[in-house]
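J.: This is the structure I want to talk about, given as structure tokens.
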Amino acid sequence: MIKFGFKIRTRSGTVVDNLMFAARDRADAERKVEQIYQRCEILECRELQQTIREEGFDLESAINLISREPDPAPKADTGSQADMRPQADAKPPAKD
């Protein structure tokens, strides 16, 4: 699919710029515009450049992402509230 950018004038005279449609070719894109904006005037049509990704996401990349092993280093304890509860055999601080 190719992306096309349109600038049109609606039947009421309003100019609409930067309409984007994806289509197989220009004729298909113009048909889509005319379906939505009936009796419009197409002022400009431009084919937009699609950025080509250098790295594709293939099956091997997906498998590597899923099967990635967790970090082997244990994480430091952040001192949760469960750790701050008093111990059952702990003695209260001495009062002077």
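Residue-by-condition table, conditions (1) modelled with pLDDT of 90 or more; (2) among the small types (Gly, Ala, Ser); (3) in a strand (DSSP E or B):
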site	(1), (2), (3)
ILE8	yes, no, yes
LEU19	yes, no, yes
ALA22	yes, yes, yes
ALA29	yes, yes, no
LYS91	no, no, no
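Here is a yes/no grid of residues against (1) modelled with pLDDT of 95 or more; (2) among the hydrophobic types (A, V, I, L, M, F, W, C):
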{"position": "MET1", "(1), (2)": "no, yes"}
{"position": "VAL15", "(1), (2)": "yes, yes"}
{"position": "GLU44", "(1), (2)": "yes, no"}
{"position": "THR51", "(1), (2)": "no, no"}
{"position": "SER61", "(1), (2)": "no, no"}
{"position": "PRO70", "(1), (2)": "no, no"}
{"position": "LYS75", "(1), (2)": "no, no"}
{"position": "GLN81", "(1), (2)": "no, no"}
{"position": "GLN87", "(1), (2)": "no, no"}
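J.: Moving on. Taking segment 1-35 as the search range and keeping residues that are in contact with a helix residue (DSSP H, G or I) (Cβ under 9 Å, 6 or more places away or on another chain) and β-branched (Val, Ile, Thr), which one is surrounded by the fewest Cβ atoms within 10 Å (Cβ to Cβ)?
T.: If we take residues in segment 1-35 being in contact with a helix residue (DSSP H, G or I) (Cβ under 9 Å, 6 or more places away or on another chain) and β-branched (Val, Ile, Thr), then ILE2 is surrounded by the fewest Cβ atoms within 10 Å (Cβ to Cβ).
J.: Return the residues of segment 13-43 that are of a type in the set (Asp, Glu) and over 16 Å from MET1 (Cβ atoms); say none if nothing qualifies.
T.: Within segment 13-43, ASP17, GLU34, GLU41 meet the criteria.
The values are calculated or read from the model by the stated rules, or taken from the named source; none is laboratory data. Remember, predicted model here, so these are calculated numbers, not experimental data. So basically every Cβ, Gly included, is an ideal-geometry build from the backbone, and we count neighbours across all protein chains shown.
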